[in-house]
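Student: Okay, here's the structure, questions in a sec.
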Amino acid sequence: MGAHEFRQLPEDSGIEIAIAGRSNAGKSSVLNVITGNSKLARISKTPGRTQQMNIFVVDDERRLVDLPGYGYAKVPVALRKHWVATLNRYFQERRALSGLILIMDIRHLLKPGDQQMLDWSCQVGLPTHILLNKSDKLSRGAGMSLLQQMKRRMNDDLISIQLFSALKRTGAEEAREVLDRWFEYQ
């Protein structure tokens, strides 16, 4: 199910976990790896294909919401403004929103769009789990160093961070454990 407008979202009940990230951070690949469904989110070589909120129903009470990518996608200014307003409202008003998975390319950390997502989640006290995707592009030591830097920088009990590689499928189990906890499966 897709929602271009806030009013098109399903009933505001149950548990929703939002998935966000820059247009070229590998959001669709990460979503497919975490869910174990390679056909769930469409993967494209062209960043910015997610142009609405895509809702994936897990069961009657649980949903994943794939938010539009930001930062890199070449979209009209009016559409970009619409996304900012809609996502701001989503973070401020959506009672079912219970967590945010924020995907960053480990080689391009904390761009302005990432910071906006973190600001929105912090404003409403939303637990956030950051996946430093594409960690396979760095040596293990360099990846661990960046992970530690990010942990020191975040210094917030509601924010957790991990290394992830959609390509190598590393970190998937840890990410699933976070989702299970937020979805109240444990």
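Student: Could you sort the peptides 16-26, 169-179 by per-residue average Cβ neighbour count (10 Å cutoff), highest mean leading? Intermediate results must be reported in sequence, preceding the final value.
Tutor: Details: 16-26: 24.5, 169-179: 16.1.
By packing density, highest mean first, the sequence is 16-26, 169-179.
Student: List the residues whose amide H sits under 5 Å from the amide H of Ile130, counting only those 5 or more places along or on another chain, with H placed 1.01 Å from N in the peptide plane.
Tutor: Leu102, Ser160, Ile161, Gln162
Student: Report the full-extension gain for the segment Ser160 to Arg7: residue separation times 0.36 nm, less the Cα-Cα distance, to one decimal in nm.
Tutor: Values: separation 153, 0.36 × 153 = 55.08 nm, distance 3.06 nm.
Computed gain between Ser160 and Arg7 is 52.0 nm.
Student: Rounded to whole Hz and in sequence order, give me ³J(HN,Hα) for region 102-111 from the Karplus expression 6.51 cos²θ - 1.76 cosθ + 1.60, θ = phi - 60°, writing x for Gly and Pro.
Tutor: In residue order, the calculated couplings are 10, 9, 10, 6, 4, 8, 9, 7, 6, 6 Hz.
Student: Please compute, over every Cα-Cα pair in the chain, the percentage with a separation greater than 27 angstrom.
Tutor: Tail fraction, whole percent: 21.
Student: Out of all DSSP beta bridges in region 31-186, what portion is antiparallel? Express it as a percent rounded to 5.
Tutor: Values: 6 of 17 bridges.
Roughly 35 percent of the beta bridges in region 31-186 run antiparallel, per DSSP.
Student: Cα centroid distance between region 120-150 and region 76-93, in Å?
Tutor: 24 Å
Student: A follow-up question, please. Report the gain in length on full extension from Val77 to Val58: 0.36 nm times residue separation, minus Cα-Cα distance, nm rounded to one decimal. Show your work: numbers first, answer last.
Tutor: On the way: separation 19, 0.36 × 19 = 6.84 nm, distance 3.32 nm.
Full extension from Val77 to Val58 adds 3.5 nm.
Student: OK, next. How would you rank 117-123, 148-154, highest first, on the average number of other Cβ atoms within 10 Å across their residues?
Tutor: On the way: 117-123: 17.6, 148-154: 13.3.
The densest-packed peptide leads the list: 117-123, 148-154.
None of the figures in this text is laboratory data; all of them are computed from the coordinates on show. Quantities reported herein were computed from a predicted structural model and do not represent experimental measurements. Note: ideal-geometry Cβ built from the backbone for every residue, glycine included; neighbour counts use all protein chains shown.
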